[in-house]
Amino acid sequence: MNRKVIWVLFLLLFMFHQDFWWWDDTSLILGFLPIGLAYHAAFSLSCALLGWLAIKYAWPHKLQQFAEENTSGEG
Amino acid sequence: MITLNVILCYLCLLLGLGFISSRLFRGTSKDYFVASHSIGPFLLLMSVFGTTMTAFALVGSTGKSFERGIGTYGLMASISGLVHAGIFFLIGIRLWAFGKKFGYITQIQFFRSRFESDRIGYLLFPILVLLVVPYLLIGIIGAGKTIEPVTAGAFTEIFTNPSAPQWLGGIPPWLTGLVVSLVVLTYVFMGGSRGAAYANTFQTIVFMLMGVVAFIYIINGLGGLEQAGKVPARITDNGMVVQDFAFDQKTAQLIKNEPPKPIGKVLHSENSNLTDRQPHFSRTPITVEFKKKNPKTGAISSFERELGIPFITFVSYFFIPLSVGMFPHLFQHWLTAKSASAFRLTVIAHPICIMVVWVPCVLVGAWASGVLPPGIPPPAVLSAMLKLLVGDPVLTGLLTAGVLAAIMSSLDSQFLCLGTMFTNDIVVHRAGSGKYSDKQIILIARIFIVVIVALTYVLAMMAKDANVFDLAVWCFSGFSALFPVVFAALYWKRATKEGAVASILAALTSWLYFFHLSGYGGEMVVGPGIIPAAVCFGFAVVAMVIVSLITKPPSKETLQKFFPSG
């Protein structure tokens, strides 16, 4: 997995945010949770998962190294 | 009076924390402005989350869901989880790296260096200040509006001129605004960004906990989760909107309305089959005419409200959370990070924190449609639900403390960032480095912060009747329109200073045009439902690309400096 895959996942997740499936559905999960809200709560968890994947496979190591070399302090 | 005592206890705790964290202040300007780049993962997550979530996260989300239904979560919260985390990863870490490497303390220092232009700082500075100031006003006005109703009756002989007759004796907004401003000023003045980070962490934990506690009490009041799912308003076969339940405060139980109580009627919907639907549980736009009673005269009047969210509005709202990429106060928080690794927890946990706060509030707003009168002001829905279903003064005090925590955890960062910008981008920049000692720079920043707090308080009292949440969306729109500047600066080598100036001017003029059309802060959409932020963003991108391509590229030195890996 590399940065391109992370970008594709990001765009896929963005597309899945514009959900058509439960736009008009008012049914409840477990008798209280509207299906549209459950979908978007799952979406939030997917964002956290994508964040974890991005950190694992697309972490900017070079940038981190660059920042932690001697600082110039030009301000 | 019990409620007020709980709130005062909370404010004293916060001040105590401010005194303790000020003992950790190392006495240098770098420590005052960016905590000497020493903030670890948990403090960074809490301070960033607390700063991005205002009072809207608790009271605004509940009110919006009461008006629009559960689509509020997708519209504002879940997309923010994706976009905010993406920005922390793509923008935050990169800006932190340049800030740490080259000693930047403010956004403007970065832009001046990246675009090889001193003047871009003088163009951007007033724009950023003008966008942050209304954001500050929102906090102070919001605090005043929160405290007065919950303390009504506490001092009937002292405060005899309330904002509404039923709030006689409540703490007036001018006094709440003054106390909140002074509390925030105290810990920011003493501890700088480190004090703000500790205070933010405490306050973020408080408002997250209070939101969950309120949710649990409301569920119990409604008779359990499954019962709560049946409560929202329903549409009958003849197009009437009815409430099937009412809450009897004597028996503290939900009772069934026989027959159901009509509260409105459907005027328009694209969906032909609406029978037995609970419109707050879907996102299909339905226009409903409701009745409301004037509390002063008792006269009944009708008003229209669109439940649900038009699809184009839902899609274009993506542009609002882009604003975090240009928040100057968030930039300052990013720079406090100890290392790039400190961002990891924020990137992963920020969407989860949003979910923990927003899902309960959105559900409560939808449930409220079945037991509260439709004419109630949306920002009052959460406190009205607690008052109706729980009525416990201690819990009301705790929830109010939670709302204040959400407000103050944004206010402190904004006060500090304005003081930092005035000091570093104007005073020290014009005088040249070396003219002022480190101690003098801290003194200048503290003087600016006191002046900013005083000015903000006066402005808030002048604008105390403004609709704070509509104004917030306009602030976010302005910052979103500036997002192309920071993105191009970090990722497009060909971005030039002329392109950046053109982009800033395009964003500013289009934003001012729509702000004027909205009547200076009202809710508005363009065409079929596109929000103005999307259009302003488009103009800013076009200006950046076209002008950059027809002007001279940045120097080789600048490119080597900001694109070190070739």
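The values are calculated or read from the model by the stated rules, or taken from the named source; none is laboratory data. Since this is a predicted model, take the numbers as computed values, not measurements. Methodologically, a virtual Cβ is constructed for each residue, glycine included, from the backbone with ideal geometry; neighbour enumeration extends over all protein chains shown. When the accessible area is computed, the model is the full protein with side chains, heavy atoms only, and any ligands, DNA or RNA have been set aside. Shrake-Rupley method; radii C 1.70, N 1.55, O 1.52, S 1.80 Å.
Using a 1.4 Å probe on protein heavy atoms, which residues of segment B:77-93 have at least 20 Å² less accessible area in the complex than alone?
Checking the loss per residue gives B:SER78, B:ILE79, B:LEU82, B:PHE89, B:LEU90, B:ILE93.
For B:GLN440 and B:LEU15, what is the calculated FRET efficiency with R₀ set at 41 Å and r taken between the beta-carbons, to the nearest 0.05?
0.90
Among B:LEU388, B:ILE426, B:ILE407, whose Cα lies farthest out toward the positive end of the dipole of segment B:328-482, if unit charges sit on the beta carbon of Lys, Arg (+1) and Asp, Glu (-1)?
B:ILE426
Note down the magnitude of the dipole of the protein assembly as shown about its Cα centre, charges +1 on Lys and Arg C-beta and -1 on Asp and Glu C-beta and zero elsewhere, to the nearest 20 debye.
1560
With only Lys, Arg, Asp and Glu charged, each at its Cβ (+1 for the first two, -1 for the last two), find how big the charge dipole of chain B is about the Cα centre; round to the nearest 20 debye. Please report the intermediate quantities before stating the final value.
On the way: 40 positive and 25 negative charges, 309 e Å.
That gives a dipole near 1480 debye.
Please report, in whole Å³, the volume per residue of the convex hull around the C-alpha atoms of the protein assembly as shown.
Working: hull volume 95.4 nm³, N = 641.
It is 149 Å³ per residue.
Suppose we keep just the alpha-carbon trace of segment A:3-67; what are its Rg and Dmax in angstrom?
16.2, 53
Please go through segment B:264-359 and write out the GluC sites (Glu not before Pro) that DSSP classes as loop and that have at most 12 other C-beta atoms within 10 Å.
Loop-located and lightly packed - B:GLU270.
Provide a whole-number value for the mean count of partner chain Cβ atoms within 10 Å of the Cβ atoms in peptide B:525-535.
Values: counts 0, 0, 0, 0, 0, 0, 0, 0, 0, 0, 0.
Mean shielding by partner chains, rounded to a whole number: 0.
Hey, which of these cross-link pairs are over 19 Å Cα-Cα: B:LYS435/B:LYS556; B:LYS30/B:LYS100; A:LYS4/B:LYS100; B:LYS250/B:LYS292; A:LYS62/B:LYS552? Provide the component values of the computation, followed by the final result.
Working: B:LYS435/B:LYS556 31 Å; B:LYS30/B:LYS100 11 Å; A:LYS4/B:LYS100 28 Å; B:LYS250/B:LYS292 25 Å; A:LYS62/B:LYS552 29 Å.
As for pairs spanning more than 19 Å Cα to Cα, those are B:LYS435/B:LYS556; A:LYS4/B:LYS100; B:LYS250/B:LYS292; A:LYS62/B:LYS552.
Rounded to the nearest 20 debye, what is the charge dipole size of segment B:368-505 about its Cα centre when +1 sits on each Lys and Arg Cβ and -1 on each Asp and Glu Cβ? Write down the numbers at each step before the final one.
Numbers: 9 positive and 7 negative charges, 102 e Å.
The calculation lands at about 500 debye.
Please compute the modelled spin-label separation between B:SER555 and A:LEU30, points set 7 Å along Cα→Cβ, answer in nm with one decimal.
Those two pseudo-labels are separated by 6.1 nm.
Over segment B:194-318, what relative contact order in percent results from Cα pairs under 8 Å that are six or more residues apart? Don't jump to the answer; show the numbers that get you there.
Working: 172 pairs, mean separation 21.0, N = 125.
Across segment B:194-318, relative contact order equals 17 percent.
Considering only protein heavy atoms, what is the solvent-accessible area of B:GLU258 at a probe of 1.4 Å, reported in Å² to the nearest 10?
Only protein atoms counted, so the area is about 140 Å².
Carbon-plus-sulfur fraction of the accessible area of the protein assembly as shown, 1.4 Å probe, in percent?
65
Could you work out how far helix B:468-481 tilts from the main Cα principal axis of chain B, as a 0 to 90 degree angle to the nearest 10?
Between helix and principal axis, roughly 40 degrees.
So how much accessible area does B:LYS561 have, in Å² to the nearest 10, using a 1.4 Å probe?
Approximately 50 Å² for this residue.
How many angstrom lie between the Cα centre of segment B:356-395 and the Cα centre of segment B:272-334?
Comparing the Cα centres of segment B:356-395 and segment B:272-334, I get a distance of 16 Å.
How high is the relative contact order of segment B:233-307? Use alpha-carbon pairs under 8 Å, at least six apart in sequence, and give a whole percent.
Working: 143 pairs, mean separation 20.3, N = 75.
Contact order relative to length: 27 percent.
Looking only at other chains, what is the average number of their beta-carbon atoms within 10 angstrom of each beta-carbon in B:345-355?
5
With the contact rule set at Cα under 8 Å and sequence spacing of 6 or more, what percent relative contact order holds for chain B? Show your work: numbers first, answer last.
Details: 1033 pairs, mean separation 156.0, N = 566.
Rounded, it is 28 percent for chain B.
Compute the distance in nm between two label points, each set 7 Å from the Cα along the Cα-to-Cβ direction, one at B:ASP118 and one at B:VAL526.
Reported label-point gap for B:ASP118 and B:VAL526 is 3.6 nm.
Rounded to the nearest whole Å², what accessible area per residue is found for the protein assembly as shown with the 1.4 Å probe?
Ligands and nucleic acids excluded, the result is 39 Å² per residue.
Once you wrap a convex hull around the alpha carbon atoms of segment B:389-532, what is its projected area averaged over all directions, in nm²?
Taking the Cα atoms of segment B:389-532, their convex hull projects to 14.5 nm² on average.
How many percent of Cα pairs in chain B exceed 34 Å?
40
Any idea what % of Cα-Cα pairs in segment B:465-566 are farther than 19 Å?
Of all Cα-Cα pairs in segment B:465-566, 48 percent lie more than 19 Å apart.
Largest first, how would B:VAL526, B:VAL362 line up by accessible area (1.4 Å probe)?
B:VAL526, B:VAL362
Interface size between chain A and chain B, please: total buried accessible area, 1.4 Å probe, rounded to the nearest 100 Å².
Summed over both sides, the interface buries about 4500 Å².
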